[in-house]
Amino acid sequence: MDVNTLLYKKLYLIRRCEQRIIDDYGDDAMKTPMHMSMGAEAISAGVCLALGDNAQVFGTYRSHALYLAKTGNSDDFFAEIYGRGSALLQGKGGSMHLCAPSKGVMGTSAIVASIIPVAVGAEFANKYANSNKKTAVFFGDGAIDEGVFWESLNVACLMKLPILFVCEDNGFAVHTPSASRCGYDKITNIVSQFNCVVLSSDSTDAEVIYKLTLEAIKLSNEKQLPCFLHLKYYRYLEHVGVNEDFDAGYRKREDFESWQKRDPILLQRKKITAPELIEKEIDIQVEESIKKSKQSPFPSDDILLKEVV
Ligand SMILES: Cc1ncc(C[n+]2csc(CCOP(=O)(O)OP(=O)(O)O)c2C)c(N)n1
């Protein structure tokens, strides 16, 4: 299958799953806070396709797109969202702790930046064991405000670990814009002072991000250095929840409308000859996943109380 079709399948799956969450969240059957990926899909789709199946990824509480782009598994996704349980999480993870190590989604965390040193450790283990696995860690621009990001970057540069640091920059930490949080103008200028590769883009075109990631992988492998991949996007919905929030006063609807003109799904759709066929297939897959999840039993009390601290 060609790259553009593979990308469209990932993009459409993510968008469809989240659209169905929006449709049904009001029923209160999904007992989990939702940090939606809508608007960011091109990043996970492009980076994950370039990384390939063998790679390991780590993410945040906003990882619907990452999980679906890497696994393609809407059954386990909805099972976890509905609290019924995927194989590993058994209903205790919910939207914020999705993971599937067998498919390379090693972990996602609700504590801002906390997954970054874990990913650096995994990359160290891979390098030490001469494994050819690539590691990427995804985080928001808010994670850069945490000391542990800088410590992790420093260690990765010192130890020459070819990890990808993927910064998904939507310009806000909850409602606080970068300009009110950062004592510098451009994060890429600061990170460039470290011994690592720095690449950036504000494209919403998944193919552009795919190609940029291939370059990131090539350069970081050749130089045996980390790569900081800085990717801008616009978060369509509120920080947490399934609604718009343009009446909250911290950002303008006009900004959304200008990003929406280059919506990642619309851009990619134009490159596909028969998108309706893909869409139909994925719509059926997603409805099946939702149905199966709702029909599954909740985990027993025994399971629920195990491994919870
Ligand atoms: C260590 C820590 N501090 C504060 C919070 C509260 N908090 C939750 S989300 C968030 C903003 C993070 O913004 P960003 O990393 O840019 O991610 P985004 O939500 O934009 O994807 C904050 C401060 C937290 N979860 N963890």
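Which value, in Å to one decimal place, does the Kirkwood hydrodynamic radius take for the chain when every pair of different Cα atoms is included? Mind showing how you got there, number by number?
Numbers: mean 1/r = 0.0506 Å⁻¹.
Computed over the chain, the radius equals 19.8 Å.
Rounded to the nearest 5, what is the percent of antiparallel bridges among the DSSP beta bridges in the chain?
Working: 3 of 27 bridges.
Roughly 10 percent of the DSSP beta bridges within the chain come out antiparallel.
How large is ³J(HN,Hα), in whole Hz, for each residue of the range 190-199 in order, when computed from phi with the Karplus curve 6.51 cos²θ - 1.76 cosθ + 1.60 and θ = phi - 60°, using x for Gly and Pro?
Per-residue couplings from phi come out as 6, 5, 4, 6, 8, 7, 8, 8, 10, 10 Hz.
So which chymotrypsin sites (Phe, Trp or Tyr not before Pro) in the range 244-278 pass both tests, a DSSP loop state and at most 16 other Cβ atoms within 10 Å of the Cβ?
Working: sites: Phe246, Tyr250, Phe256, Trp259; in loops: Phe246, Tyr250.
Qualifying residues, ordered by number: Phe246, Tyr250.
Less than 13 Å apart at the alpha-carbon level, and either on another chain or at least 8 residues along: which aspartates and glutamates does that give for Lys133?
Output for Lys133: Asp53, Glu123.
Run the dipole for the range 3-305 about the Cα centre, Lys and Arg Cβ at +1, Asp and Glu Cβ at -1, nothing else charged, and hand back the magnitude in debye, nearest 20.
Values: 34 positive and 39 negative charges, 180 e Å.
Computed about the Cα centre, the dipole is about 860 debye.
Calculate, in whole percent, how much of the Cα-Cα pair population of the range 1-104 lies beyond 21 Å.
On the way: 1478 of 5356 pairs.
Pairs farther apart than 21 Å: 28 percent.
Can you list the residues, at least 5 places off or on another chain, whose amide H is less than 5 Å from the amide H of Gly59, using H built in the peptide plane?
Gly107, Thr108, Ser109, Phe138
Among the listed pairs Lys31/Lys211; Lys232/Lys280; Lys271/Lys294; Lys160/Lys186; Lys103/Lys292; Lys186/Lys223, which are separated by more than 27 Å between their Cα atoms? Could the numbers behind the result be given before it?
On the way: Lys31/Lys211 38 Å; Lys232/Lys280 30 Å; Lys271/Lys294 35 Å; Lys160/Lys186 24 Å; Lys103/Lys292 21 Å; Lys186/Lys223 24 Å.
Violating the 27 Å Cα-Cα cut-off are Lys31/Lys211; Lys232/Lys280; Lys271/Lys294.
Using Cβ counts within 10 Å as a stand-in for footprinting exposure, how do Lys261, Lys232 rank, fewest first? Don't skip to the end; give the middle numbers.
Numbers: Lys261 9, Lys232 18.
Least crowded to most crowded, the residues run Lys261, Lys232.
Could I have the simple spin-label model distance between Tyr184 and Ile22, label points 7 Å from Cα toward Cβ, reported in nm to one decimal?
Output for this residue pair reads 3.6 nm.
Tell me the Kirkwood radius of the range 259-299: reciprocal of the mean inverse pair distance over distinct alpha-carbon atoms, in Å. Intermediate results must be reported in sequence, preceding the final value.
Details: mean 1/r = 0.0802 Å⁻¹.
By the Kirkwood definition, the hydrodynamic radius is 12.5 Å.
Compare Tyr25, Tyr128, Tyr236 in a GNM of the chain, Cα atoms joined below 10 Å, and give the one with the largest fluctuation.
Highest fluctuation of the listed residues: Tyr128.
Over what distance in Å are the Cα centres of the range 88-143 and the range 190-213 separated?
What the calculation gives is 20 Å, centre to centre.
Considering the chain as a Gaussian network with a 10 Å cut-off on Cα pairs, which listed residue, Leu231, Leu161, Leu199, attains the greatest mean-square fluctuation?
The residue that fluctuates most here is Leu199.
Listing His230, His97 from the residue with the fewest other Cβ atoms within 10 Å to the one with the most, what is the order?
Values: His230 20, His97 17.
In increasing order of surrounding Cβ atoms, one gets His97, His230.
Rule-based calculations on the coordinates, nothing more; no lab input. Quick caveat, the model's predicted, so the values are computed rather than measured. Positions of Cβ are generated from backbone atoms using ideal geometry, with glycine treated the same way; all protein chains shown enter the neighbour counts.
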